Every structure is written in structure tokens, then in C-alpha cells.
Amino acid sequence: NRLLLLVVIPLFLTLGNALAQNPIIQNQFTADPTARVFKDRVYVYPSHDILPNQGKGKPDWFVMEDYHVFSSADLKEWTDHGEIVNQKSVPWADPEGYSMWAPDCVERNGKYYFYFPTKAQDTTYNGQGFSIGVAVADQPEGPFKPQAKPIANVKGIDPNVLIDKDGQAYLYWSQGHIYGAKLKDNMLELASEPKVLKDLPDKGLKEGPFVFERNGIYYMTYPHVENKTERLEYAVGNNPLGPFTFNGVIMDESPTGCWTNHQSILSFKNQWYLFYHHNDLSPNFDKNRSVRIDSLFFEQDGAIRKVTPTLR
Ligand code: FUB
């Protein structure tokens, strides 16, 4: 049963295109948004933060037990399609892990592949810690069926998939640094050894890779923390696996101290958008976050113009 929920009071902006009020989803906490265009609608696959200190997960930390997907035809009114994957429905996952972190979803040959990191209970595949799983569906809103095992040889968080123009798919993820590898056509197994992507800034934590291609340039975007909070940065290259050259900051650090940020970028109806998060609905606890959208623009030479966050 689909719950049609208007999660936005339409109060519009005139910044590039009209957008709904930020944060765009107000019926629950959402973070780490991966936005994709499927069938003329924008689908957002975010993490789902829940309240800490309620007997679930680690005290005062991220607590995430499932994923919802949201969609919109106009970026103003959003439909919550409900839960698509739960930690209890993933055969290899820790059913009490509360670590369903940043996901992604891509379409290939009419199937939808949802990639998610979580802590493994069955450590026979990749050892302890975070592995990356895949759930497959015939529609962008599911139902999604989780695979029996996580992707072999991948340890880490924040999966992201690029399907290149020649049809080759790539998986990116992070574990301190950003890793990448080719995926087999089945989208479920690696086709090459994981490698650390070269020539991204050396110092500080980099996570949340999101790669896209525009006019022959591959943009590797990522949150990077050197000081207190994460800044969204990007690097460019001629190949999906780099090497990449740092090219600038997409969004500065949070002025109010939200530790994480996490981005995806897409073009919809001739306008580019940045999807990201901030703790707007939970100003005193930065692990209960909410998804925002702002318009994004490119310079003539392909550089990304820095985005100033808007709340309204
Ligand atoms: O949401 C949990 C983690 O926080 C994500 O996996 C990171 O990218 C950061 O946003």
C-alpha cells in the first residue's frame, strides 16, 4: 500500500527554477540524498535518520534501520513511497545494526539496483564492519529484493554507481579514502580490483562519492572534512576511475556545525540541481538531518559555481 503524503508546503523560490521550501521532506529525518531521474520523475533515495537514545543503536549517534524512497514530478510535491529495505530483511546484515547509511539506486535494462552499506552480521563474506549490499526491483519504488550476500571484496560505506556512455558500470565507495572498481554487467559483482582513486586531496576524511559525466568531463564530488565539518568539493578527470584533479568547492562548511554533508547532482528539465542535507529540523542534534535542494550552475569552462544554501 502506497501512502501518498504531501511532505512539502509549497512555498516557492525563484532561484533558477522554482523549488519547494527547504528542507524538502518534513515528515521524517532524511540524509545523504541520491537523486535520480526515472520515467520523468525525480526519485530521492536518502538515508533515514531516527531519534537516538530510544533503545536502538549507539547513544548519541546515527540510528538508521531502513530506507524510504520519495518521488516528485516537479520538485515541489513529494510522494513518500514508504519503506523499501529494512535491516531485518537483508539476509547478511546485522538486524540490530542500525547502520543503514548512504545509499544509491541506478537503472539498467529495466531493473533498478539499490546499493546500500550496512554492518554485516554474517562476517564470512567481507569480515567485520560495513559491507555493501544490493536490492533489485522492477520499479524505482520497489518492491526491492535484497541479495543473499553483500558485494564481495568491498568494505566501506557510501556506494555510488556510474553507468558510463559505453555501458560499463563503476562502483565507488569510501573508507577514509575513495575507492572505485568496474562492475560486471550483472551489477552485483566487481569486474576489477578495488583501487584508491588518485590525486584527490590527501589529508582529511573523504566520503560520499558521487560521480557524473558532463560534456566529456567526469566529476568526482565528495564531502571532505579537514576542520570541523564537511565541505562539498569536486575533482575532474578524463576517465571514470581517474586520475582526478581537485577543481573547487561546491558548498562551504556548515556555519552552524552540522558535521556531515552529502551530495548528489542531476539535471532535470534543463536545470541542474544539488541535493544535500543539513540538520534544519533538529538544530541541537546534527545526526538527525534533512534533505535540501538548490539550483546548481556551471561556468563556461565546466567548473561548478559554488552553491549558497537556501532555506526558503
Ligand atoms: O549518514 C551516515 C553517514 O554520514 C554517511 O554514510 C556519510 O556520508 C555521512 O553523511
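The values are calculated or read from the model by the stated rules, or taken from the named source; none is laboratory data. All values reported here derive from a predicted model rather than from experimental measurement. FYI the Cβ positions are ideal-geometry reconstructions off the backbone, even for glycines, and counts take in every protein chain you see.
When you scan region 272-279, do you find a residue that is surrounded by fewer than 17 Cβ atoms within 10 Å (Cβ to Cβ) and farther than 24 Å from Ala169 by Cβ, even just one?
No, the conditions are met nowhere in region 272-279.
Which ones in region 26-43 are more than 12 Å from the ligand (Cβ to nearest atom) and either without any contact (Cβ under 8 Å) to a residue 24 or more places away in the chain or surrounded by 24 or more Cβ atoms within 10 Å (Cβ to Cβ) (or both)? Let's see the steps before the verdict.
Of region 26-43, the ones more than 12 Å from the ligand (Cβ to nearest atom) are 26-28, 35-43.
Result: Ala35, single match.
Could you tell me which residue of region 144-167 is farthest from the ligand (Cβ to nearest atom), considering only residues that are closer than 16 Å to Met220 by Cβ and touching a residue at least 40 places away in the same chain (Cβ under 8 Å)?
If we filter region 144-167 for residues that are closer than 16 Å to Met220 by Cβ, which is where we start, we get 156, 158-164.
When the remaining residues are screened for being touching a residue at least 40 places away in the same chain (Cβ under 8 Å), the result is 158-164.
Numbers: Asp158: 5, Pro159: 10, Asn160: 10, Val161: 15, Leu162: 17, Ile163: 22, Asp164: 23 Å.
Among those residues, the one meeting the criterion is Asp164.
Kindly indicate whether Thr79 is hydroxyl-bearing (Ser, Thr, Tyr), more than 16 Å from the ligand (Cβ to nearest atom), surrounded by 17 or more Cβ atoms within 10 Å (Cβ to Cβ) and more than 16 Å from the chain's Cα centre (by Cα). Full working, then the answer.
Values: hydroxyl-bearing (Ser, Thr, Tyr): yes; more than 16 Å from the ligand (Cβ to nearest atom): yes; surrounded by 17 or more Cβ atoms within 10 Å (Cβ to Cβ): yes; more than 16 Å from the chain's Cα centre (by Cα): yes.
So Thr79 passes the test.
Assuming Gly208 fulfils every condition listed in (1) more than 22 Å from Lys119 (Cβ to Cβ); (2) surrounded by 15 or more Cβ atoms within 10 Å (Cβ to Cβ) apart from one, which condition is it?
Evaluating Gly208 over (1) more than 22 Å from Lys119 (Cβ to Cβ); (2) surrounded by 15 or more Cβ atoms within 10 Å (Cβ to Cβ) leaves (1) as the failure.
Do the conditions hold for Asp74, that is, is it exposed (fewer than 15 other Cβ atoms within 10 Å of the Cβ) and either at pLDDT below 95 or not in a strand (DSSP E or B) (or both)?
Working: exposed (fewer than 15 other Cβ atoms within 10 Å of the Cβ): no; either at pLDDT below 95 or not in a strand (DSSP E or B) (or both): yes.
For Asp74, the condition - exposed (fewer than 15 other Cβ atoms within 10 Å of the Cβ) and either at pLDDT below 95 or not in a strand (DSSP E or B) (or both) - is not met.
Just to be sure, is Tyr125 under 28 Å from Gly167 (Cβ atoms), at pLDDT below 95 and away from the ligand (no atom under 16 Å from the Cβ)? Give the derivation first.
Values: under 28 Å from Gly167 (Cβ atoms): yes; at pLDDT below 95: yes; away from the ligand (no atom under 16 Å from the Cβ): yes.
Judged against the criteria, Tyr125 is a match.
Considering every residue within region 82-98, establish whether at least one is modelled with pLDDT of 95 or more, within 13 Å of the ligand (Cβ to nearest atom) and assigned to a strand (DSSP E or B).
no
Out of Asn227, Asn238, Asn261, report the one residue that is touching a residue at least 12 places away in the same chain (Cβ under 8 Å) and either surrounded by 15 or more Cβ atoms within 10 Å (Cβ to Cβ) or among the aliphatic types (A, V, I, L, M) (or both).
Values: Asn227 fails: either surrounded by 15 or more Cβ atoms within 10 Å (Cβ to Cβ) or among the aliphatic types (A, V, I, L, M) (or both); Asn238 fails: either surrounded by 15 or more Cβ atoms within 10 Å (Cβ to Cβ) or among the aliphatic types (A, V, I, L, M) (or both).
Within the list Asn227, Asn238, Asn261, the selection yields Asn261.
State the number of residues belonging to region 287-297 that are farther than 12 Å from Ile50 by Cα and out of contact with any Lys or Arg (no Cβ under 7 Å at 6 or more places or on another chain). Give the steps one after another, and end with the answer.
We begin by selecting, within region 287-297, every residue farther than 12 Å from Ile50 by Cα; these are 291-297.
Still in the running and out of contact with any Lys or Arg (no Cβ under 7 Å at 6 or more places or on another chain): 291-296.
Looking only at that region, the number is 6.
Does Val106 satisfy the condition of being within 16 Å of the ligand (Cβ to nearest atom), within 29 Å of Asn22 (Cβ to Cβ) and in contact (Cβ under 8 Å) with a residue 60 or more places away in the chain? Reasoning before the result, please.
On the way: within 16 Å of the ligand (Cβ to nearest atom): no; within 29 Å of Asn22 (Cβ to Cβ): yes; in contact (Cβ under 8 Å) with a residue 60 or more places away in the chain: yes.
It is false that Val106 is within 16 Å of the ligand (Cβ to nearest atom), within 29 Å of Asn22 (Cβ to Cβ) and in contact (Cβ under 8 Å) with a residue 60 or more places away in the chain.
Name the residues in region 28-43 that are within 13 Å of Glu83 (Cα to Cα) and either touching a Ser or Thr at 6+ places or on another chain (Cβ under 7 Å) or of a type in the set (A, V, I, L, M, F, W, C) (or both), would you?
The first filter runs over region 28-43 and keeps only residues within 13 Å of Glu83 (Cα to Cα), leaving 28, 30.
Of everything in region 28-43, just one residue is within 13 Å of Glu83 (Cα to Cα) and either touching a Ser or Thr at 6+ places or on another chain (Cβ under 7 Å) or of a type in the set (A, V, I, L, M, F, W, C) (or both), namely Thr30.
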